[in-house]
Amino acid sequence: MTMRAKQKPNIAVRLPDDLQAYLVRKAAEGFRSLTGEITMRLERTRELDQHPRHKGQQ
């Protein structure tokens, strides 16, 4: 018996061309997919939102 991973719905986001190019470039530099890069950056932002003094901010 095999279990299928639940697929999450796709989310479409319109980005300015320069921002998309930047994210694609940073993803390639970090050996991540574009989705992985965006997810990592959103997770960092969430962490900062939840702990604003964390990571050197005061």
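If you go through segment 38-52 one residue at a time, do you hit one that is surrounded by 10 or more Cβ atoms within 10 Å (Cβ to Cβ), modelled with pLDDT under 95 and part of a loop (DSSP other than H, G, I, E, B)?
Yes.
Sort out which residues of segment 14-37 are open to solvent by less than 100 Å² (accessible area, probe 1.4 Å) and assigned to a loop (DSSP other than H, G, I, E, B), and write them in order of number.
Hits for segment 14-37 are 15, 16, 30, 32, 33.
The values are calculated or read from the model by the stated rules, or taken from the named source; none is laboratory data. In this text, all values refer to a predicted model and were calculated from it rather than measured experimentally. Quick reminder, even Gly has a Cβ in these numbers, built from the backbone with ideal geometry, and neighbours come from all protein chains shown. With ligands, DNA and RNA removed, areas are computed over all heavy atoms of the protein, side chains included. Shrake-Rupley method; radii C 1.70, N 1.55, O 1.52, S 1.80 Å.
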